[in-house]
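Asks: The following block contains the structure, expressed as structure tokens.
The values are calculated or read from the model by the stated rules, or taken from the named source; none is laboratory data. These numbers come from a predicted model, not from an experiment. Here the Cβ positions follow ideal geometry from the backbone for every residue, glycine too, while neighbour counts run over all protein chains shown.
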């Protein structure tokens, strides 16, 4: 078995009750059409049993085409971060970490250009899916990516006060640790200049050293 800093490329272990429940959850999620202004299909990373959940903001227009989260430019940056910090490839990350989002469908474009920010009712409609995933997986670590995702778990503050730190949060009756990341969008300069650059590295080191991330090769055995 080949292991890179705690993440394994070995095949998943046999299905457990957790895996069965998660597979049913993802099947129902993919059929969701609650928000008429959203653009289906639902984008899902699949029923990956993990005690680490990464939470993005919402898919862009490329993610539905490729059928997976973080499938385009921002994703390349995100996975490069994890490869450099933890030696984990994109394929290994996708196979070992559950990938969720605040909203799971592409919101569409604004009239002025750029992706539309999900409306409060759309965020509320989708929040039950995330709560269900936390209830099923009982994660030890949640990694929200970008301000919209971070604000689902922590009181809004400037990124300088949140990135590079570990917080405790509770949702769906379960307590877990939260290590936020900035959004890897090329439109944001925050993570490319100080103090963002150094804080990002601190956050990635904390994630790579977290026991749940280190033990991700055993995620199918609960």
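Asks: Among the residues of region 113-132, which ones are part of a helix (DSSP H, G or I) and either surrounded by fewer than 16 Cβ atoms within 10 Å (Cβ to Cβ) or in contact with a helix residue (DSSP H, G or I) (Cβ under 7 Å, 6 or more places away or on another chain) (or both)?
Replies: 120, 121, 124, 127, 128, 129, 131, 132
Asks: Can you name every one of the helices (runs of 4 or more DSSP H) wholly within region 39-102 that holds 3 or more residues which are over 10 Å from the mean Cα position of the chain (by Cα) and free of Cβ contacts under 8 Å to residues at least 40 places away in the same chain?
Replies: 73-86
Asks: In addition: Given (1) modelled with pLDDT under 95; (2) out of contact with any strand residue (DSSP E or B) (no Cβ under 8 Å at 6 or more places or on another chain); (3) surrounded by 14 or more Cβ atoms within 10 Å (Cβ to Cβ); (4) closer than 23 Å to residue 182 by Cβ, identify the lone condition not met by residue 5.
Replies: (3)
Asks: Does residue 143 fit the bill of being over 22 Å from residue 35 (Cα atoms) and either surrounded by fewer than 15 Cβ atoms within 10 Å (Cβ to Cβ) or in contact (Cβ under 8 Å) with a residue 60 or more places away in the chain (or both)?
Replies: In short, yes.
Asks: Same structure again: Please indicate, with yes or no, whether at least one residue in region 165-172 is in contact (Cβ under 8 Å) with a residue 12 or more places away in the chain, under 29 Å from residue 61 (Cα atoms), surrounded by 14 or more Cβ atoms within 10 Å (Cβ to Cβ) and touching a helix residue (DSSP H, G or I) at 6+ places or on another chain (Cβ under 7 Å).
Replies: Looking for residues that are in contact (Cβ under 8 Å) with a residue 12 or more places away in the chain, under 29 Å from residue 61 (Cα atoms), surrounded by 14 or more Cβ atoms within 10 Å (Cβ to Cβ) and touching a helix residue (DSSP H, G or I) at 6+ places or on another chain (Cβ under 7 Å), one finds none in region 165-172, hence no.
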